[in-house]
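Chemist: Just passing along the structure, written as structure tokens.
The values are calculated or read from the model by the stated rules, or taken from the named source; none is laboratory data. As the structure is a computational prediction, the values presented were derived from the model and not from experiment. Neighbour counts are summed over all protein chains in view; Cβ atoms, including those assigned to glycine, are modelled from backbone coordinates with ideal geometry.
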There are 2 protein chains.
Amino acid sequence: MDLQPYIRDIPDFPRPGVMFKDITPLLQTPAAFSYVIDQMAAHYKGRAIDGVLAIEARGFLLGAALAYKMEKPLIPLRKRGKLPFHTVSVSYALEYGSDTIEMHQDGLVAGHRVVIVDDVLATGGTMGAACRLVEQSGGKVAGLALLMELAFLNGRQSLAAHDIFALLKY
Amino acid sequence: MDLQPYIRDIPDFPRPGVMFKDITPLLQTPAAFSYVIDQMAAHYKGRAIDGVLAIEARGFLLGAALAYKMEKPLIPLRKRGKLPFHTVSVSYALEYGSDTIEMHQDGLVAGHRVVIVDDVLATGGTMGAACRLVEQSGGKVAGLALLMELAFLNGRQSLAAHDIFALLKY
């Protein structure tokens, strides 16, 4: 299935000079959304997967449906201060400043192998931080699942140790 | 299935005096998460439903899985400034100040009947705003789906016109 017709280019979002890839047309098309989730699930079928980590906020939309389909624990990774229980956190550099993602301390059991889900792989900053969070918690990254990869931003370079599954490439 | 063992009480979150109901143990238990999504889908089975609106951020986790299961369009309702395309918005009062939720203008087709999904019905402020957003866009609210209802906060009172489906009540 060709998913490109369901991705909308939005110029100058969130700031001037950036061409944003809007996935809402895909979300609003059940055949396309089902295709994405089913392809991701098929990619991991037969592998030892103990959980699905979904990155706030668009990663929640894909990760939740994938965890449901795969019948695996769904673990949210959230921005700082959003998770109510004891958390572990990792900070990472942005173009200007830094950001922090958190996971509940009891989100992962040591040795568990997890898939991390987000909508877009850009520079890989958030995804790299998510990988560190898993590894610091004693878990193993079994794979990174993305709707699309912006290959010209070279996010893959810093994540070369991991299996990266992306349905669309730009 | 008794879901109460999968809801964790967190005292004083997000501020002193509030007892927060943490749904992450439920998300991490595939049998419980599947049960919630399947019960919601069963509730709407046979009814005319044209889409599932998921409220950021925890509503994304439930709404995305429900849209996938029901094979219906998934439409995100987000906080101000997060959606990249043309939006419609509604503001609503909070205890202190106000908040705004937005939906893409092309999220709804006039006349379409939608289910709105969130994790918790508390005072009903956000859910009421979501209903207004749907109606102002020419859509119809076919139902409100929630994991739990905090009945002592009387959110149901202001939403009496709608079919409210909640799996847990406190």
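Chemist: Quick one: A:MET127 ticks every box in (1) assigned to a helix (DSSP H, G or I); (2) touching a Gly at 6+ places or on another chain (Cβ under 8 Å); (3) without any contact (Cβ under 8 Å) to a residue 40 or more places away in the chain bar one, so which box is it?
Modeler: So A:MET127 meets the others, but not (3).
Chemist: Pairs needed: first member in the range B:3-26, farther than 19 Å from A:GLU56 by Cβ; second member anywhere, surrounded by fewer than 16 Cβ atoms within 10 Å (Cβ to Cβ) and among the aliphatic types (A, V, I, L, M); C-beta distance under 7 Å; at least 6 residues apart or different chains.
Modeler: B:ASP9/B:MET19; B:PRO11/B:MET19; B:ASP12/B:VAL18
Chemist: Are any residues in the range B:63-96 within 12 Å of chain A (Cβ to nearest Cβ), part of a loop (DSSP other than H, G, I, E, B) and either over 22 Å from A:MET70 (Cβ atoms) or basic (Lys, Arg) (or both), and if so, which ones?
Modeler: B:LYS72, B:PRO73, B:GLY81, B:LYS82, B:LEU83, B:PRO84, B:PHE85, B:HIS86 - these are the residues of the range B:63-96 that are within 12 Å of chain A (Cβ to nearest Cβ), part of a loop (DSSP other than H, G, I, E, B) and either over 22 Å from A:MET70 (Cβ atoms) or basic (Lys, Arg) (or both).
Chemist: Here is a check on your reading of the model: is A:TYR68 among the hydroxyl-bearing types (Ser, Thr, Tyr) and at pLDDT below 95?
Modeler: So A:TYR68 fails the test.
Chemist: Can I ask one more? What is the residue count in the range A:1-53 for residues that are within 13 Å of another protein chain (Cβ to nearest Cβ) and in a loop (DSSP other than H, G, I, E, B)?
Modeler: The number of residues fulfilling the criteria is 11.
Chemist: Now, a different point. Could you grab the pairs with beta carbons closer than 7 Å, sequence gap of 6+ or different chains, first residue in the range B:69-88 and surrounded by fewer than 19 Cβ atoms within 10 Å (Cβ to Cβ), second one at pLDDT 95 or above and assigned to a loop (DSSP other than H, G, I, E, B)?
Modeler: Here the result reads B:LYS79/B:GLU56; B:VAL88/B:SER137, each pair linking the range B:69-88 to a residue that is at pLDDT 95 or above and assigned to a loop (DSSP other than H, G, I, E, B).
Chemist: Test B:ARG47 against the criterion of being at pLDDT 95 or above, surrounded by fewer than 20 Cβ atoms within 10 Å (Cβ to Cβ) and touching a Ser or Thr at 6+ places or on another chain (Cβ under 6 Å), and give yes or no.
Modeler: No, not satisfied.
Chemist: Hey, among the residues in the range A:145-160 that are of a type outside the set (Gly, Ala, Ser) and in a helix (DSSP H, G or I), which one's nearest to A:TYR35 (Cα to Cα)?
Modeler: In this case the residue turns out to be A:ARG156.
Chemist: With the requirement that a residue be closer than 18 Å to A:ALA166 by Cβ and out of contact with any Leu (no Cβ under 7 Å at 6 or more places or on another chain), what does the range A:36-56 give you?
Modeler: Those that are closer than 18 Å to A:ALA166 by Cβ and out of contact with any Leu (no Cβ under 7 Å at 6 or more places or on another chain): A:ASP38, A:ALA42, A:HIS43, A:TYR44, A:LYS45, A:ARG47, A:ILE49.
Chemist: Is the range A:94-105 home to any residue that is closer than 15 Å to A:VAL134 by Cβ, more than 17 Å from the chain's Cα centre (by Cα) and either loosely packed, with under 15 Cβ neighbours inside 10 Å or without any contact (Cβ under 8 Å) to a residue 12 or more places away in the chain (or both)?
Modeler: Yes; the residues of the range A:94-105 include at least one that is closer than 15 Å to A:VAL134 by Cβ, more than 17 Å from the chain's Cα centre (by Cα) and either loosely packed, with under 15 Cβ neighbours inside 10 Å or without any contact (Cβ under 8 Å) to a residue 12 or more places away in the chain (or both).
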